[in-house]
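This report refers to the structure that appears directly beneath it.
The values are calculated or read from the model by the stated rules, or taken from the named source; none is laboratory data. All values reported here derive from a predicted model rather than from experimental measurement. Glycine also receives a Cβ, built like all others from the backbone with ideal geometry; neighbour counts cover every protein chain displayed. Only protein heavy atoms, including side chains, enter the accessible area calculation; ligands, DNA and RNA are left aside. Shrake-Rupley method; radii C 1.70, N 1.55, O 1.52, S 1.80 Å.
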Amino acid sequence: MQSLEELSREIESIRQEIREGAAKFATPEAFYEFRKSFLDNKAGKIGHLMKEMRNVPKEDKAAYGKNVNVLRDWAQEHFKDMENAVRAKQLEMRYEREKIDVTEPAVRVEEGRLHPVTQVKNQLIDIFASMGFEVYEGTEIETDYYNFTALNTPQDHPARDMQDTFYLSPEFLLRTQTSAGQIHVMESKKPPIKIVSPGKVFRSDDDATHSPMFTQMEGLVVDKGITLCDLKGMLDVFVKRIFGEETSTRLRPSFFPFTEPSVEVDVSCFECGGKGCRLCKGTGWIEVLGAGVVNKKVLENCGIDSDEYSGFAFGLGLERIAMLKYGINNIKLLFESDLRFLKQIND
Ligand code: FA5
């Protein structure tokens, strides 16, 4: 049983404890715990005093109850002020933490970008896809048959000397041209065929414009009634899209065993507009790719009736296109991974 005297001592001690608690709270959670330890009906100290009422003598009950109520009202008021102070302090700390100095120099975010050859490859795929071409990916290791023999270049054909080959065994080699993919496509698909095939190719070749590993893109169209005119028309669209609307094409006679007739395709120099400059070596024209009408023997090698179907094919070097497009004078720059160089090309 608690006397009124004991009660007033306890009330004073509770007030004291609450007043001193104010400075302690680092977080609002700690404050709410502290408040609960007084006001909670079950576990709080003031709640406990309320419960004690049943043990207080009848004549003291009114005074006891009044004192405890006054204490509770005071505590509630006091906690309200403390809560405001705790919240204000939290906010202040947050402002401090999240303060932004607008005068500070910005942190540079390093942006990645695609390699110039990949950029060119993607641009070409977009152009050809918009003309209805599908993409076929061949393999880098090929057999002699697919890389040469089926392309009308048998073992003793002098045209094999045009491409110095890395042989892995008498049968297997690193493909020297994406043209090998033509045979796989024609063996597995009936005409109409309309594909482009980008990929790495390999030749024992090394100077400022030739690299032992480089990237080609093959194009192949086979259908009824395809002629050299279709090739020229398609190339005109393609060069305008990649080098600019003013660019035109010209075909020069050439030789590839797998096309007949064969042509080298030149574009009018997009640097000088055809007047003659350093880039086009004064001629006004720049060579960009090899092409031709698919040799009937190649169609027959793939089981396609050459009386019913005809086609055209072309093959271009992506590094060469990138060098022309971005004014790069040494192919090695494209393989050295020097970020100072690569960062300059973002098309
Ligand atoms: C061919 O490879 C033929 N397969 C292209 C072709 C396909 C003709 C279909 C007809 C029909 P060529 O050897 O010229 O052709 O190579 C094509 C292009 O690859 C060249 O124009 C050049 O841009 C590029 N190229 C050739 N050798 C290298 C090399 N060592 N390094 C970088 N690019 C090269």
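General observations
- Flag if Asp206 is within 12 Å of the ligand (Cβ to nearest atom), surrounded by fewer than 19 Cβ atoms within 10 Å (Cβ to Cβ) and under 23 Å from Tyr326 (Cα atoms): yes
- Positions within the range 135-145 being within 33 Å of the chain's Cα centre (by Cα) and among the acidic types (Asp, Glu), in sequence order: Glu137, Glu140, Glu142
- Lone unmet requirement of (1) assigned by TED's automatic domain parsing to the domain that holds Pro257; (2) among the aliphatic types (A, V, I, L, M); (3) open to solvent by 40 Å² or more (accessible area, probe 1.4 Å) for Val107: (1)
- The number of residues in the range 233-263 being of a type in the set (Lys, Arg) and under 20 Å from Ser179 (Cβ atoms) comes to 1.
- Of all residues in the range 258-267, those satisfying the criterion of being surrounded by fewer than 20 Cβ atoms within 10 Å (Cβ to Cβ) and not acidic (Asp, Glu) are Pro261, Ser262.
- Listed by first and then second residue, the pairs linking a residue in the range 178-189 that is outside the structural domain of Gly303 (by TED's automatic domain parsing) to a residue that is among the aromatic types (Phe, Trp, Tyr) and within 12 Å of the ligand (Cβ to nearest atom), with Cβ atoms under 8 Å apart and 6 or more places separating them unless they lie on different chains, form an empty list.
- So Thr227, is it near the ligand (Cβ under 10 Å from one of its atoms) and either charged (D, E, K, R) or modelled with pLDDT of 90 or more (or both): no
- Of the set (1) closer than 21 Å to Asp144 by Cβ; (2) open to solvent by 20 Å² or more (accessible area, probe 1.4 Å); (3) in contact with a Phe, Trp or Tyr (Cβ under 9 Å, 6 or more places away or on another chain); (4) not basic (Lys, Arg), all apply to Pro192 but (1).
- In the range 146-168, residue nearest to the ligand (Cβ to nearest atom) [restricted to those that are modelled with pLDDT under 95, open to solvent by 40 Å² or more (accessible area, probe 1.4 Å) and more than 36 Å from the chain's Cα centre (by Cα)]: Met162
- Boolean, Met213 is among the aliphatic types (A, V, I, L, M) and more than 10 Å from the ligand (Cβ to nearest atom): no
- Top-ranked residue of the range 320-340 - restricted to ones that are open to solvent by 60 Å² or more (accessible area, probe 1.4 Å), assigned to a loop (DSSP other than H, G, I, E, B) and without any contact (Cβ under 8 Å) to a residue 40 or more places away in the chain, ranked as nearest to the ligand (Cβ to nearest atom): Glu336
- Boolean, Gln182 is open to solvent by 50 Å² or more (accessible area, probe 1.4 Å) and polar (S, T, N, Q): no
- Which listed residue, of Met186, Met131, Met162, Met217, is among the hydrophobic types (A, V, I, L, M, F, W, C) and farther than 22 Å from Met234 by Cβ: Met162
- If you check Lys275, Lys297 for being more than 16 Å from the ligand (Cβ to nearest atom) and open to solvent by 40 Å² or more (accessible area, probe 1.4 Å), only one passes: Lys275.
- Matching residues in the range 115-153 - criterion: being among the polar types (S, T, N, Q) and in contact with an Asp or Glu (Cβ under 8 Å, 6 or more places away or on another chain): Gln119, Gln123, Thr143
- Among (1) among the polar types (S, T, N, Q); (2) at pLDDT below 90; (3) not in a helix (DSSP H, G or I) - the single one Gln90 does not satisfy: (3)
Matching residues to (1) more than 20 Å from the chain's Cα centre (by Cα); (2) in contact (Cβ under 8 Å) with a residue 60 or more places away in the chain:
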residue	(1), (2)
His78	yes, yes
Arg87	yes, no
Leu91	yes, no
Tyr95	yes, no
Val109	no, no
Arg113	no, yes
Gln119	no, yes
Leu124	no, yes
Phe133	yes, yes
